[in-house]
Every structure is written in structure tokens, then in C-alpha cells.
1. Just one of 55, 67 is modelled with pLDDT of 95 or more, outside any helix (DSSP H, G or I) and buried (at least 22 other Cβ atoms within 10 Å of the Cβ); which is it?
2. Just to verify a result, which residue in segment 224-245, among those that are buried (at least 20 other Cβ atoms within 10 Å of the Cβ), in contact with a strand residue (DSSP E or B) (Cβ under 9 Å, 6 or more places away or on another chain) and in contact (Cβ under 8 Å) with a residue 60 or more places away in the chain, is farthest from residue 279 (Cα to Cα)?
3. How about segment 32-52: which of its residues are more than 18 Å from residue 121 (Cβ to Cβ) and not in a loop (DSSP other than H, G, I, E, B)?
4. If residue 221 satisfies every condition in (1) closer than 24 Å to residue 322 by Cα; (2) out of contact with any strand residue (DSSP E or B) (no Cβ under 7 Å at 6 or more places or on another chain); (3) without any contact (Cβ under 8 Å) to a residue 60 or more places away in the chain but one, which is the exception?
5. Hey, could you check segment 138-157 for residues that are assigned to a strand (DSSP E or B) and in contact with a helix residue (DSSP H, G or I) (Cβ under 6 Å, 6 or more places away or on another chain) and say which is farthest from residue 196 (Cα to Cα)?
6. Go through segment 285-298 and give me each residue that's touching a residue at least 24 places away in the same chain (Cβ under 8 Å) and either under 22 Å from the mean Cα position of the chain (by Cα) or outside any loop (DSSP other than H, G, I, E, B) (or both).
7. Considering only segment 94-152, how many residues are crowded, with 19+ Cβ neighbours inside 10 Å, more than 18 Å from residue 79 (Cβ to Cβ) and either within 16 Å of the chain's Cα centre (by Cα) or at pLDDT below 95 (or both)?
8. Of all residues in segment 214-253, count the ones that are assigned to a strand (DSSP E or B) and out of contact with any helix residue (DSSP H, G or I) (no Cβ under 9 Å at 6 or more places or on another chain).
């Protein structure tokens, strides 16, 4: 055989190529393919089918993040182009939060979590695919987040949910702790020289340690910051589909300490509740639960928080937000374990 080294190398190369062609997509890759089929239009619009089919900056951010993870630059480029054309319509580099097919942008106010998610995805894409245009676009968004979306409260830097509309006449702030996307803030701190990002991480952890309500000492979907931290009087007093993202992002950032893990899991297995299902909402005033079980995505996020294997959404799961939560929890599990 030593007389035929070139033939042997050629046969080996052919074998490797054929082996690669026969590789089957993983369940996670299939789930991403389903997400694209169900929730992303051919133009690159992520469709929130549980919210009257609107699109928003949060959904575009999730789609962009998933595209990077699944090494799908074509989908990323399509999603990004649609986002720029249809949502980056303000006089800055932030994104109008809401788009409908009939009216286009119906509210030019931004949503800070959407801006953060998109900037984070752009940074990942610039590094993964060596695209300096994505890096520059992320830098522009970060600059406007710094200048327009943060404020001071009792010595802490706070992320406002949007540029407008969340400060009362008495200067009380309404905030959403799930807008502290901790792994994104960690990435911003690495690539940007501003100390703001670490200050925001610190303030998020402070609020989480302080804003505890109800029997199980859970954070609410929405908080009001005044002289003290209270439940927002204008929002439902619940821990629910907004706040479940808090421990998701904490886990992703490797900041979910055992005591915090216990906070977010105790209510679900407290024998006093006598529940035989996972409730997606806890009323923090009367400690009551929904009369229906949580979605697949909520359950997957709970599995991440409880340090259990994370289930991917089944093919019959046709809800944008549920599918997003499940895939994000799956990725958070993989990436936090490998860091």
C-alpha cells in the first residue's frame, strides 16, 4: 500500500466527504429549522403569532441570536436587513419596537431589551463571521443605549424599558428586570470601554436581591422604583412570562447562585401548593396560581433553572414565544456549561 499514497489520501478524503454528507441534523438544528418555517417570513420578519402576528425588536433579536448559534449567516443577513429597513426608523440607532403588516411601525418608542439583544447578536456575528460591518452597527447601538436608556436611582445605574414613558410625574421609575440581559451586558463590558455595563450588572443583581415579593420571595414582571422598591401599580402583580427570563439570563451568564436557583424553583415543588403542574404565573399579592400549566418554553426554562436537562420544543409547538424560550434555554445550557 505504500506504493499508492496519493490514491489512499484520495480515498480517505472521499470517505470523509461522503460521511459528512450523510450526517443527520441534530434535534436542535431541526428545531431551529421549524422556528424559521413557522415564525420567520421570507423577508426576515419574526412573527409573534401569539400577539396578533406583530413583529417587534425583541423577536428580531431572538432570531438573530439563534441564527448565530446555528451558524446560519444567510438567515442572519435577512433578519438584519429587515430590522434595519423596518425598525431602525428613529433618529438614532435604536429600534422602533412594534410593527404590523397593515400599518408598519405603529410606535417609534424603543424596547430596551430588543436593542440589547440585537446589539449582542451583532457582536457575536461580527466575531463568528469576521464581519466588521456588524461590529460597527453594534457599536452604534451601544452608544445610543449608553446615552438614552439608562438613568440613576439611589446610586445605581438603571436600564429604562424605553426612552420614553416609564418615569412618572413624581419621578418614580417603572422597570422590568428581564431587560437586564446579563450575558449581553457581560459581552458589552468586554468589548466597550465604558464602566456602565458592569454598573448595570451590579444594579440588576442588587434589584434581584432586594425586590422579593409574596410567599416565595419572587421578583415581579414589573417593578416601581421610588423611595423603595414596590410592585408596579400599573401592571399585574405577578411573577410570570416576563420574569422567567431573569433566571434564564442569570444562568446563561453563570450568575445563578444556589440561593437564587432556590428562589426560582421553590414555588414549583412546594408541597403546600398541591399543584400537579408547573404554573406560569404566581400572583405576588395573594400567592395564587393559574389554573392551567405553563407552556413548553416556560417549562424548558424552568428545567434550565433547576439544573435539569432542557427539553426542546416538540414539532407541534406552534407558539413563537414558547419556542423562543425553549431554544434560548437550550443554548444557555450549552454555553454556560462550556464556558
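1. Numbers: 67 fails: outside any helix (DSSP H, G or I).
Result: 55 is the single residue among 55, 67 that is modelled with pLDDT of 95 or more, outside any helix (DSSP H, G or I) and buried (at least 22 other Cβ atoms within 10 Å of the Cβ).
2. Of everything passing the filter in segment 224-245, 225 is farthest from residue 279 (Cα to Cα).
3. Answer for segment 32-52, where residues must be more than 18 Å from residue 121 (Cβ to Cβ) and not in a loop (DSSP other than H, G, I, E, B): 33, 34, 37, 38.
4. Condition not satisfied by residue 221: (2).
5. Within segment 138-157, the first condition is being assigned to a strand (DSSP E or B), and the residues that meet it are 150-153, 156-157.
In the following step, the residues that additionally are in contact with a helix residue (DSSP H, G or I) (Cβ under 6 Å, 6 or more places away or on another chain) were identified as 156-157.
Numbers: 156: 10, 157: 8 Å.
Going through the qualifying residues, I end up with 156.
6. The answer is 295, 296, 297, 298.
7. Qualifying residue count for the region: 1.
8. The initial filter retains those residues of segment 214-253 that are assigned to a strand (DSSP E or B), namely 218, 223-225, 229-231, 238-239.
Adding the requirement that they be out of contact with any helix residue (DSSP H, G or I) (no Cβ under 9 Å at 6 or more places or on another chain) leaves 224, 230-231, 238.
Of the residues in segment 214-253, 4 are assigned to a strand (DSSP E or B) and out of contact with any helix residue (DSSP H, G or I) (no Cβ under 9 Å at 6 or more places or on another chain).
The values are calculated or read from the model by the stated rules, or taken from the named source; none is laboratory data. What you see is a predicted model; the values in this text were computed from it and never measured. Ideal geometry is used to build each Cβ from the backbone, glycine not excepted, and the neighbour counts take in all protein chains shown.
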